[in-house]
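Pasting in a structure now, in structure tokens, and then I'll have a few things to ask.
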Amino acid sequence: MAKVQSSFFCQNCGAQSTKWVGKCSSCEQWNTFVEEVVHKDKEAGKHWRKGKKIRESKAILLDEVNYKAEDRMVTPDKEFNRVLGGGIVAGSVVLIGGEPGIGKSTLLLQIALNFNKGKVLYISGEESEGQVKMRAERIKSNGSTCYILTETVTQSMFRHINEVDPDLLIIDSIQTLQSGYIDSTPGSISQIRECAGELLQYAKESGTPVFMIGHITKDGNIAGPKILEHMVDTVLQFEGDRNHIYRILRTTKNRFGSTSEIGIYEMQGSGLREVTNPSEILVSQREEQLSGIGISSAIEGQRPLLIETQALVSTAVYGNPQRTSNGYDTKRLNMLLAVLEKKAGLKMSMQDVFVNIAGGLRIEDPAIDLGVIASMVSSFYDIPVNSQTCFIGEIGLSGEIRAVTRIDQRISEAIKLGYETIYLSKYNTGIDKIKSDKCTMIKVGKIDEVLHFLFA
Ligand code: TYD
Ligand code: MG
């Protein structure tokens, strides 16, 4: 009888140890080691090669490498292409994480059904063929060649992959896969690592792009070893509020493009719809003027977006005032409050402050500082800011309004959406070229000047 081999794995980072240890030496977490039965065959990871032509590897000069921009497969989904950095790269492995029910399976099935560059194989370990078909009927398709397979054991999965020889492989999800070479249960650290390794090898040697869906843990990270994220080329997060209809696809790692791109989708009865004009949905439409609202023109990735900040400032009932923010950095919020207190003389230290970026977005662009300040001061005085006003500017520690990048793009977006007044830094140059007879631009240098214009 073969000797049973087992090893201990850290459930947090995937580190391996031959004996149990209380504290993981690599991620320093306590009590995370769990024993998993491992039995690795020497042939592991090689089985899929049988009968398939694989690329020989040899060292060549970088100058001789053939690379064309067209090597990216451009899908009909523009948001998806943008997030990937311009399309799917041959042989790349992409991991998509997100909360249960957010729409990961829907997104990838939709990509599969609209794929126009060849055959797609969708392998589902979570749903039966019937269930996938039911979902596919809801989604509009343009008649692509999509094969569906329900299989969880990688050895037989690769047999089918060799038969179909797809141009795109989709795995739903990596946590349901199981390799026969490892004896531990699906979803365990060693299984995820082994299965991902086999898929990675397949992708690199056959040149077929692989998309894998990954579950996330309760604190929002992709379940499984941290090395899973190191192994793959691109990590995407599909996020949003399950109770809201908007979803955001965000890149957290991308070897082939920028990580600041986002894709915005709307979940409809018939699948996900691309939102090509996000500013219109991110700013709420309303009849009456309300206090505590400031609109800013931000840049996310390559796109200008108009962002609505909502603030509520009210006298603290308990000793310690609360500062809560959704979608905006709390440290930065505290800094803005300190600047308001010191440079504009507003007594913010006894106020509870709640800040929310509408639409569930998380914005890191400092150019929205001025808009955040406007919303907070508007709520403090309970005086609305004119709803046709837009703010662009970063706030410095001494209360100065600093210049921001790509000002012309930000201004054009605000003008396009009909804003009549734009507040911006007087240190931003080159804006005199922008001509608009309907829009007034007010250049300001210090925070108290803005407040004087708005609330005096
Ligand atoms: P799903 O893709 O199963 O989520 P995940 O794979 O991330 O767990 O998404 C399921 C949700 O999406 C479910 O609540 C129903 C909803 N949905 C729609 O609203 N419209 C649709 O066309 C489809 C297919 C799903
Ligand atoms: Mg799913």
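None of the figures in this text is laboratory data; all of them are computed from the coordinates on show. Everything numeric here is computed off the predicted structure, so don't read it as measured data. So basically every Cβ, Gly included, is an ideal-geometry build from the backbone, and we count neighbours across all protein chains shown.
Return the loop-located trypsin sites (Lys or Arg not before Pro) in the range 366-415 (DSSP other than H, G, I, E, B) with at most 16 other Cβ atoms within 10 Å of their own Cβ; answer none if there are none. Could you put the intermediate results ahead of the total?
On the way: sites: ARG402, ARG406, ARG410; in loops: ARG406.
Sparse-neighbourhood loop trypsin sites (Lys or Arg not before Pro): ARG406.
Compute the acute angle (0 to 90°) between the alpha-carbon long axis of helix 104-114 and the principal axis of greatest extent of the alpha-carbon atoms of the chain; round to the nearest 10°.
Between the helix axis and the principal axis of the chain, the angle is about 80 degrees.
Take the eigenvalues of the Cα gyration tensor for the range 70-125, scale each by 5, and report the square roots as semi-axes in whole Å, largest first. Present the calculation step by step, with values, prior to reporting the outcome.
Details: eigenvalues 72, 36, 25 Å².
Listed largest to smallest, the semi-axes of the range 70-125 are 19, 13, 11 Å.
Going by amide H atoms built from the backbone, whose H comes under 5 Å of the H on ILE148, apart from near neighbours?
Result for ILE148 returns TYR122.
Still on this structure, please answer the following. So for the pair ARG159, GLN201, with labels modelled 7 Å out along Cα→Cβ, what separation do we get in nm?
If labels sit at ARG159 and GLN201, their model points lie 1.8 nm apart.
Let me ask you something else. Hey, got the dipole for the chain? About the Cα centre, +1 on K and R Cβ, -1 on D and E Cβ, debye to the nearest 20?
The calculated dipole for the chain is roughly 740 debye.
Let me know the whole percent of all Cα-Cα pairs from the range 121-210 that are separated by more than 23 Å.
Every Cα pair in the range 121-210 considered, those over 23 Å come to 24 percent.
Which ³J(HN,Hα) values in Hz, rounded to whole numbers, follow from the phi angles of the range 72-85 under the Karplus curve 6.51 cos²θ - 1.76 cosθ + 1.60, where θ = phi - 60° and Gly and Pro get x?
So the Karplus estimates, Gly and Pro as x, are 7, 8, 8, 8, x, 8, 5, 5, 5, 4, 4, 5, 7, x Hz.
Calculated from DSSP H runs of 4 or more alone, at -39500 (n - 2.57) each and per residue, what is the 222 nm mean residue ellipticity of the chain, nearest 500?
Roughly -7500 deg cm²/dmol at 222 nm, from the helical runs in the chain.
Right, something else. Tilt of helix 129-138 relative to the longest C-alpha principal axis of the chain, in degrees (0 to 90, nearest 10)?
Computed tilt is about 30 degrees.
How about the range 312-376: which chymotrypsin sites (Phe, Trp or Tyr not before Pro) there lie in a loop by DSSP and see at most 10 other Cβ atoms within 10 Å? Can you show the working numbers first?
Details: sites: TYR318, TYR328, PHE354; in loops: TYR318, TYR328.
Taking the range 312-376 and a limit of 10 other Cβ atoms within 10 Å, the loop chymotrypsin sites (Phe, Trp or Tyr not before Pro) found are TYR318.
Please go through the residue pairs LYS58/LYS253; LYS343/LYS446; LYS416/LYS446; LYS23/LYS253; LYS140/LYS253; LYS104/LYS140 and name each one whose alpha carbons sit more than 19 Å apart in this structure.
Where the Cα-Cα span goes over 19 Å, the pairs concerned are LYS58/LYS253; LYS416/LYS446; LYS23/LYS253; LYS140/LYS253.
Using each residue's phi in the range 256-265, evaluate 6.51 cos²θ - 1.76 cosθ + 1.60 at θ = phi - 60° and report the 3J(HN,Hα) Karplus result to the nearest Hz, with x for Gly and Pro.
10, x, 7, 9, 9, 7, 10, x, 10, 10
Mind listing which GluC sites (Glu not before Pro) in the range 386-454 are in a DSSP loop and have 16 or fewer other Cβ atoms within 10 Å?
Filter output for the range 386-454: GLU420.
Got a sec to turn the phi values of the range 426-431 into Karplus ³J(HN,Hα) couplings, 6.51 cos²θ - 1.76 cosθ + 1.60 with θ = phi - 60°, whole Hz, x for Gly and Pro?
6, 8, 6, 9, x, 8
Restricting things to Cα coordinates, could you compute the convex hull volume per residue of the range 281-455 in Å³?
About 107 Å³ per residue, rounded to a whole number.
Using amide H atoms built in the peptide plane, which far-off residues or other-chain residues are under 5 Å from VAL89 H to H?
Amide H neighbours of VAL89: MET73.
Across 10 Å bins from the origin, how do the percents of Cα pairs in the chain run, short distances first?
Bin by bin from 0 Å, the calculated values are 4, 18, 24, 21, 17, 12, 5, 1, 0.
What is the set of long-range amide H partners of ALA223 at a cut-off below 5 Å, with H atoms built 1.01 Å from backbone N?
HIS215, ILE216, THR217
A follow-up question, please. Quick one: angle between helix 369-381 and the longest Cα principal axis of the chain, in degrees between 0 and 90, rounded to 10, please.
The angle comes out at about 50 degrees.
Starting from the Cα-Cα distance between ALA59 and ALA456, subtract it from 0.36 nm times their residue separation and give me the gain in nm to one decimal. Let's see the in-between values first.
On the way: separation 397, 0.36 × 397 = 142.92 nm, distance 7.06 nm.
This chain segment gains 135.9 nm when fully extended.
Kindly rank 21-30, 110-119, 374-383 from highest to lowest mean number of other beta carbons found within 10 Å of each residue.
374-383, 110-119, 21-30
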